[in-house]
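Nothing in this text is a laboratory measurement; each read-out follows from the coordinates by a stated rule. Worth saying up front: this structure is predicted, and the values here are computed from it rather than measured. Counting neighbours? That spans all protein chains shown, and the Cβs are built from the backbone with ideal geometry, glycine included.
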Amino acid sequence: MSDLGFAAQLAEDLSPDDLRLVLKVFHADVQRLTGALADAARLDDAAAFRRAAHGLAGAAGAVGAARLEEACRRAMAGGETLGTGLAEVTAMADGALGDLAAFLARLGPAT
Amino acid sequence: MSGAARVLVVEDTPTQAQLARALLAGLGHEVMIAESAGAALVAARDWRPDAILLDIELPDYNGFELMQRLRAEGITTSVIVVTANASINVAVEAMRAGAVDFIVKPYAKARLSVTLANALEKQALAAQLSAVKARLDRNQFFGFIGSSAPMQAAYRTIESVAASKASVFITGESGTGKELAAEAVHRASPRMGRNFVALNCGAIPRDLLESEVFGHVRGAFTGASADREGAAKLADGGTLFLDEIGEMPLDMQVKLLRFVQTGSYSPVGSSRLDRVDVRFVCATNRDPMLEVQGGRFREDLYYRLYVVPVELPPLRARGDDVLLIARHFLAQFAREEGRAFTGFSAVAEQALAVFGWPGNVRQLQNVIRNIVVLHDGDRVELDMIPRAVRRAAADEKAPASAEPVPPPLPEPVPAARVVRPATEATAEGAAGIVGEAAAEVVPLAVMERRLILAALRQTGQDVPRAAALLEINPSTVYRKLQGWRAEGLLPAD
């Protein structure tokens, strides 16, 4: 099941061009913030890890990527090691990006 | 509130910010994004948004602190907190901190639209309420000091009529501020960028009144050596204030009526018809209807000018305004005279409050100036108040006494024509006295006394105006008067 359920709602609320722009920004956020998470985990910097996870949770929440958002919030809660948290978030992020690509393909080319 | 609003989005996550921007733009609003609380504070100050969409977790300090800082700066823009599902408690806390509503991520356009519309409506209602409260509670209005009910009514009338071109007729006893009211009508109107021309019909010789109002051409009469514009021309696009309109001779009233009806007039000595756009404000301290009934004022002119009446109450009917005005003048004169006064003793306030003030605000102003010039201290004590006021105030409390109250001060005779913003004051009267006295050589002190008393007579005992005519400080006049009284050259007050 897609992790971008809410994007369907956004497709009703926004013009295709606006939606594409939002999803493009989301794509950039996911790449930037998963990179920041990986850096923080490598450096064992819990504060930086939490900040990046919070940002990624916000971005995921905006477009309704619920599973990615939940993973980020679990990672922020800090019950696991940073490495475990990172692995779960990265997996969910990959899934969300895959769903995003499929969703964009359905939207068709930009005008 | 309907139509486009300015919405500040405080959000450090680009996806959230971009989504909010797209949704709000789609709703027709103007959007600004702030990525930190500090940037939001600056934007709220400079951009003055109608609503703020606020994420709580921000890189510098959190949204709660931002709301506190906004309030501390007096910024009352409606704040809507944006929160994730997991943080409803945070939203409740935000509402307690002053947010008007919250919205949970992810939000659809319809939800955002409703939440924002509610917040904007709340904001508009709060602004209206605050404006109404300010109007009802205001204690200052275009130079007037006073919050009493009759003054609030006068403020409201002035404010309501200002935008129209309707003629205004101001009535009130001497010293109640009729010229101030006329200026308020002008300054609150769209004509405020043009001239306010005040003409005192009682101060102008009847032969010259027509020329003062309509101007004249060269050779129109003896001494008319050049063309001169009248008050009507100077007030074109602005306001013409005809003070003491009841003093206008009947033949001049006919010419004024034609001018009021048509907006056109002929300068004295010319057959040319000039047309101007003038708003008329008139004033009298008499009952205008009685003047009509007595045949001293044309009925048709009365109905042309008496469109919106503004009645200025006497000071004795203004309750606590007496003390409000007294404190205002005390602070002003203490500053001007370098005195330490910061207030009145309770008994001094009581004396001022119960006195009848027949000369109204002008008399109160003179009394306070007198006190400040002749005394110093932290507080004004009862014995610093002129005896006449104290005596009459005591009589008010003990009505059996038959001591006379000091007579009201006569209406001062202002410069015949005053054009504002140009500050042009005529000193014709004083100049005449100098010319008359020049033939007689008398001791300088005698001449000084004569001049000061003449200026006081001419201005109806208005010390500040007399001092202005003489180009000296009012405190000098007060000191001189006190000295002459002590020497027995003048009767005691």
*With the contact rule set at Cα under 8 Å and sequence spacing of 6 or more, what percent relative contact order holds for chain B?*
11
*Check: the range B:64-175 dipole with +1 on Lys, Arg Cβ and -1 on Asp, Glu Cβ, in debye*: 280
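Take the Cα gyration tensor of chain A, multiply each eigenvalue by 5, square-root it, and list the three semi-axes largest first, rounded to whole angstrom.
On the way: eigenvalues 148, 30, 24 Å².
Whole-Å semi-axes of the equivalent ellipsoid: 27, 12, 11.
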*Report the label-to-label distance for A:A11 and B:D46 in nanometres (one decimal), using points 7 Å from each Cα along the Cα→Cβ vector.*
4.1
*Whole-Hz couplings from phi, Karplus 6.51/-1.76/1.60, listed for the range B:257-265; x for Gly and Pro*: 4, 4, 5, 5, 6, 10, x, 10, 7
*asked:* Using a 10 Å cut-off around each Cβ, can you sort B:V419, B:V161 from fewest to most neighbouring Cβ atoms?
replied: B:V419, B:V161
*Residues whose placed amide H lies under 5 Å from that of B:S78, excluding near-sequence neighbours*: B:I52
*Positive dipole terminus of chain B, leading residue within B:T342, B:I204, B:F355 (C-beta point charges)*: B:I204
*Rounded to the nearest 20 Debye, what is the dipole magnitude of the range B:316-397 about its Cα centre when Lys and Arg each give +1 and Asp and Glu each give -1 at the C-beta?*
220
_Cα-centred dipole magnitude for the protein assembly as shown, charges only on beta-carbon of K, R (+1) and D, E (-1), debye, nearest 20_ = 1080
*What fraction of the Cα pairs in the protein assembly as shown, stated in percent, has a spacing above 41 angstrom?*
52
_Given the range B:260-332, report the % of alpha carbon pairs whose separation exceeds 16 Å._
69
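Rounded to the nearest 0.05, what FRET efficiency do B:A353 and B:A72 have when you use their Cβ-Cβ distance and R0 = 45 Å? Let's see the in-between values first.
On the way: r = 38 Å, r/R0 = 0.85.
Computed FRET efficiency for B:A353 and B:A72 comes out at 0.75.
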_Under the rule of at least 5 residues apart or a separate chain, name every residue whose amide H is placed under 5 Å from the amide H of B:V310._
B:F169, B:I170, B:T171
*Give me the Kirkwood hydrodynamic radius of the range B:316-397 in Å, from all C-alpha pairs, to one decimal place?*
12.4
*Projected onto the charge dipole of the protein assembly as shown (+1 at Lys/Arg Cβ, -1 at Asp/Glu Cβ, origin at the Cα centre), which of A:H54, B:L364, B:V168 gives the Cα projection farthest towards the positive end?*
B:V168
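For chain B, what does -39500 (n - 2.57) per DSSP helix run (n ≥ 4), summed and divided by total residues, give at 222 nm, in deg cm²/dmol to the nearest 500?
Dividing the helical sum by the residues of chain B leaves -14500 deg cm²/dmol.
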*Spin-label point model (7 Å from Cα, Cβ direction): what's the B:A153 to B:A127 distance in nm?*
3.2
_Give me B:Y478, B:Y303 sorted ascending by neighbouring Cβ count inside 10 Å, so fewest comes first._
B:Y303, B:Y478
*Taking amide H positions as placed 1.01 Å from N in the peptide plane, with prolines and chain starts having none, which residues 5 or more places from B:F102, or on another chain, fall under 5 Å of its amide H?*
B:V81
*Using only the alpha-carbon atoms of the range B:37-191, report the extent along each of the three principal axes, biggest first, to the nearest angstrom.*
70, 30, 27
*asked:* How far apart, in nanometres, would the label points at B:Q140 and B:N118 be if each is projected 7 angstrom from Cα along the Cα-to-Cβ direction?
replied: 4.0
_Whole-number D in µm² s⁻¹ for chain B, Kirkwood Cα-pair radius fed into Stokes-Einstein, 4 °C, 1.567 mPa s_ = 47
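So between B:N473 and B:V104, what do we pick up on full extension, going 0.36 nm a residue minus the alpha carbon distance? Each step should come with its number before you reach the end.
Details: separation 369, 0.36 × 369 = 132.84 nm, distance 6.82 nm.
Value of the extension gain: 126.0 nm.
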*Going by how many other beta carbons lie within 10 Å of each one, how would you line up A:F26, B:F241, fewest first?*
A:F26, B:F241
*Which of the listed residues, B:V9, B:L470, B:A91, is farthest toward the dipole's positive end in the protein assembly as shown, when Lys, Arg count +1 and Asp, Glu count -1 at the beta-carbon?*
B:L470
